[in-house]
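See structure below.
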Amino acid sequence: MKESLDLLAPRCNTASVTTLDLLDADQRAAFARDGYLIVPGVVGQRAVDVALQVANHWLDEEFDSRRRDAYHGFTFAPEHAADPEFLGLLTESGALQYAESLVGQPLVRPQRSQIAIRFPVALGQDPGMFGAHLDGIPAPLNRVATDGKIHNFTLLAGVFLSDCPMGDHGNFTMWPGTHVETARWLRAHGTDVSDPDAFFAAIRELADRTSQPMQLEVRAGDLVLAHYLLLHSAGRHAGPNIRYAVFFRLETPHHADVADAALTEPWLDWPAFNDTQV
């Protein structure tokens with residue numbers, strides 16, 4: 001990691017934490033430094049199995065091969081993205097409480113999830129590597145408004161329904177520390193995305209220049225929490241099994257009031273980290 005990514009450990013403002021403080025000082029320091037945190041075993045096996053059953057039945061009965069690219073760009077099983085079997089992975093498991101404890105204030109309950117499915121490639125085919133990206137930027141099929149703005153949120157929460165051992169099994173991939181570097185880059189270059197292709201190219205160059213990709217090793221039921229500004233990607237998938245995950249884009253109740261400023265001040269929307277220096 002480059003020296004420019006170094007952060008002072010946060011001094012948690014306990015007065016502003018509105019839920020039980022579920023995370024310890026080491027976890028908070030790691031999140032401040034890296035921009036992500038894995039919380040093992042938050043979702044029970046029964047809830048994982050129910051969500052998998054809904055997703056797999058959809059694959060059998062409702063999958064439309066003509067919409068394959070749209071599923072990858074937005075969500076698989078869009079007819080079920082608001083179903084309780086998927087929303088409950090966050091709201092009924094304790095995952096939302098972990099997210100709120102990390103941020104330091106309540107979060108708006110999402111109305112939809114993103115059901116993210118990664119399929120194995122053909123035998124002998126190179127699975128390829130996706131470049132780093134930032135959510136909220138318009139791209140083909142992701143349904144983000146093409147208005148020249150970054151449509152940001154506070155943090156990304158992901159619940160994994162599959163084991164992802166190390167070694168290119170569709171592991172969610174992060175560029176640690178780039179939440180800070182992204183904020184610095186946006187301060188220097190502005191937040192205009194009138195040319196999304198040029199923006200994505202610049203973001204990928206930033207990721208490659210300041211960090212190294214890290215594949216996250218997780219098991220079914222694990223929760224991943226990531227700062228909105230952390231650059232990330234779908235990982236290489238050379239394994240034999242379908243990988244299932246469900247993502248939620250979370251924001252604080254007043255995020256709209258600080259959304260633009262939060263792009264260049266990474267802890268503005270995070271009371272639990274408001275003493276963190278960057």
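A Förster radius of 30 Å combined with the Cβ-Cβ distance from H151 to D275 puts the calculated FRET efficiency at roughly 0.60.
Take the Cβ atoms of A261 and D83, set R0 to 30 Å, and the FRET efficiency comes out at 0.30.
Label region 187-278 by shape, choosing from rounded, prolate and oblate, from the square roots a ≥ b ≥ c of the eigenvalues of the Cα gyration tensor; if a/c is under 1.5 it is rounded, and otherwise prolate applies when a/b is larger than b/c, oblate when it is not. Taking the square roots of the gyration eigenvalues as a ≥ b ≥ c, region 187-278 is oblate. A simple spin-label model places the labels of D197 and N241 3.9 nm from each other, with each point 7 Å out along Cα-to-Cβ. Give the shape of region 96-195 as rounded, prolate or oblate, defined through the alpha-carbon gyration tensor: a ≥ b ≥ c are the square roots of its eigenvalues, a/c under 1.5 means rounded, and otherwise the shape is prolate if a/b is larger than b/c and oblate if not. Oblate, because a/c is 1.5 or more while a/b does not exceed b/c. For region 206-216, the Karplus equation 6.51 cos²θ - 1.76 cosθ + 1.60, evaluated at θ = phi - 60°, returns couplings of 4, 4, 5, 7, 10, 7, 10, x, 10, 6, 8 Hz by residue, with Gly and Pro reported as x. The label-point distance for H254 and A70, in a model that sets each label 7 Å from Cα toward Cβ, rounds to 4.0 nm. Using 5 Å bins from zero, what percent of all Cα-Cα pairs in region 25-270 falls into each bin? For region 25-270, the binned pair fractions read 1, 6, 13, 18, 21, 19, 13, 7, 2, 0, 0 percent. Region 174-212 and region 258-278 have Cα centres spaced 17 Å apart.
Taking 0.36 nm per residue of separation and subtracting the Cα-Cα distance, full extension of the segment from A139 to A29 would add 36.3 nm.
Each peptide in 72-82, 225-235 gets a packing score, the mean of other Cβ atoms within 10 Å over its residues, and the list from highest to lowest is 225-235, 72-82.
Here, each number is a calculation from the coordinates, and none is a lab measurement. As the structure is a prediction and not an experimental result, all values here were calculated from the model. Heads up, the Cβs are rebuilt from the backbone with ideal geometry, glycines too, and the neighbour counts pull from every protein chain shown.
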